[in-house]
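Structure record follows, encoded as structure tokens.
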Amino acid sequence: MTTPDQAAVLVDPDEHRGGTGTARFVLTKIVEALISIVLVIVLFFFLFRMLPGDPVAAMTRDHPTSPQQIAELREKMGVDKPVLVQFGTYFWNLLHGDLGESRLLNNGRPVADMIGERLWPTILLVGSATLLAVVLGLWLGIRAAWRRDSFFDRSQTGLALTLWSVPQFWLGLMLLVATGGLFPSRGMHSPDAAPDVLSQTLDVLHHLVLPCVTLLAVFYAQYMLIMRSSLLGEMNADYLTTARAKGLRDDLVRRRHAVPNALLPTTTLVFMQFGSVLAGAVTVEAVFSWPGLGQLTYDALHGPDLPVLQGVFTVLAGAVVLMNLLAELLYRVLDPRVRTS
């Protein structure tokens, strides 16, 4: 019979420490994410104040306005106050979910409403491009690594390196020229499309082809190269030699043993590259006039419409920080070595 003292000795101290360590790790990462978002908000607020152009002057450019009316407008917009006071008001409103109101694009319209209506097109574009890039990149990376130094490996690696170095906006312009009007070059809808659901869906997909391919061509290359490099690192591992010695076919060795272990870096990269995909979407949406957050940012920069810029960048930065947080948490789940460290 085991005494209480003996039972206490038999308890694995790492088990309790592991649960506590995981909770501490998650809490630490959440706090770091919140701090990152606050720092981004502060940085963007003061950075946008350095942009050339006066919002009040832009609003009254085409309207005769007396100095008194300009002063009243500055007071109404709050730009007559010191910058620190403006930031305090903005941050307090932000904590209550108020992103402010547009001053130029849609005078007086809440920024949150403008972001809400532009969010779906960006999700459609970024989500489609990311999904296709992951599938294509993983498949090509696996085949290139398993056929190392073959013509397929060299050609695909060279193509991926070329596309990875190409700016998205330039590639988008080249696709516009190369397709010669085969696909729509602007917007998300055609005015002459039939009103039924099927016709509208096909019309949106037709408009989606060029901006999606532009993002896909750049970002699949990253996933392909990382997957290839990771799988090459696994191919000489002892456990693969053991699997082959047991008589397993080469495709089973690859599919059941090598690929799952090589997927870890690529899986986390998908989340951590989300910020780069969003940054690329801003320029691609501007090239193709895709009515998403990128196009809204491009339009707001011409004012500049500071509340819109601040609101969009706060939402985008929050999404990037959230994806990085998920990547770190997912890495801990997938890799036991991180949990025990």
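The values are calculated or read from the model by the stated rules, or taken from the named source; none is laboratory data. Just so it is clear, the structure is predicted and the values come from calculations on it, not from any experiment. Positions of Cβ are backbone-derived with ideal geometry, glycine not excepted, and every protein chain shown enters the neighbour counts. Side chains included, ligands, DNA and RNA excluded: accessible areas come from the protein's heavy atoms. Shrake-Rupley method; radii C 1.70, N 1.55, O 1.52, S 1.80 Å.
The table below gives the values:
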| quantity | calculated |
| --- | --- |
| Rotationally averaged projected area of the chain (alpha carbon convex hull; nm²) | 28.2 nm² |
| Estimated vicinal HN-Hα couplings, Hz - region 96-104 in sequence order (Karplus 6.51, -1.76, 1.60; Gly, Pro = x) | 9, x, 9, 8, x, 10, 5, 9, 10 |
| For Glu101, residues with placed amide H under 5 Å, excluding near neighbours | Val111 |
| Estimated FRET transfer efficiency (Val197, Tyr298; beta-carbon r; R0 30 Å; 0.05) | 0.50 |
| Pairwise centroid distance, computed over Cα atoms, of region 281-314 with region 72-151, Å | 8 Å |
| 13 Å beta-carbon shell around Leu325, net charge (K/R +1, D/E -1) | 0 |
| Phi-based couplings in Hz for region 286-299 (Karplus 6.51, -1.76, 1.60; Gly and Pro marked x) | 5, 5, 9, 6, 6, x, x, 5, x, 5, 4, 5, 4, 5 |
| Rounded, prolate or oblate (a/c below 1.5 giving rounded, otherwise prolate when a/b exceeds b/c) for region 63-194 by Cα gyration tensor | prolate |
| Packing rank of 271-283, 140-152, where each peptide gets the mean count of other beta carbons within 10 Å, highest leading | 271-283, 140-152 |
| Å² per residue, accessible surface of the chain at 1.4 Å | 56 Å² |
| Of all accessible heavy-atom area on the chain, the percent that carbon and sulfur account for (1.4 Å) | 65 percent |
| Equivalent ellipsoid dimensions for region 79-136 as semi-axes, Å, which come from the Cα gyration tensor, largest first | 34, 14, 10 |
